[in-house]
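Structure first, commentary second.
What follows draws every value from the coordinates through simple rules; no lab data is involved. Only a predicted model underlies this, so the values are computations on that prediction, with no experimental measurement involved. Glycine gets a Cβ as well: all are built from the backbone with ideal geometry, and neighbour counts include every protein chain shown.
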Amino acid sequence: MWRHVGARRRRGKMAAPGESGEAAAFARRIDPAREPGLSPEQRRLMAQVEHAQRQRALQRRLRSRNVLLALGIGAVTFGICILRGRGRVGPGGSGAAPAAFP
């Protein structure tokens, strides 16, 4: 889980790059094993939330990979169809027209 840490909160504004770490608000990851005031139920909840966040990120990556793969397969299929149409390949698939039919 992430906890926001900072001495000063500014609504709607980010910390400037040159600001000191004490004045700038940022998110710091909480290690459930080292946090002394957490109950076992809170630790379990944090683990569930982190697992759900990792799953969502993984699904996003897989979705974009699947879209790119589908576009690639479509491009190859389209290229094959164009080449078949240009060479006038018949149902036999050889590409050469029989000598009897000009």
Cβ-derived FRET efficiency at R0 25 Å, F78 paired with L58, nearest 0.05: 0.25
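Given a Förster radius of 30 Å and the C-beta distance between L68 and S39 as r, what FRET efficiency does 1/(1 + (r/R0)^6) yield to the nearest 0.05? The partial results should precede the final answer.
Numbers: r = 44 Å, r/R0 = 1.47.
FRET efficiency, L68 to S39: 0.10.
Give the dimensionless ratio obtained when the Cα radius of gyration of segment 41-87 is divided by 2.2 N^0.38 Å. All intermediate terms of the calculation are to be shown ahead of the outcome.
On the way: Rg = 20.5 Å, N = 47, 2.2 N^0.38 = 9.5 Å.
Cα Rg divided by the expected 2.2 N^0.38 Å: 2.15.
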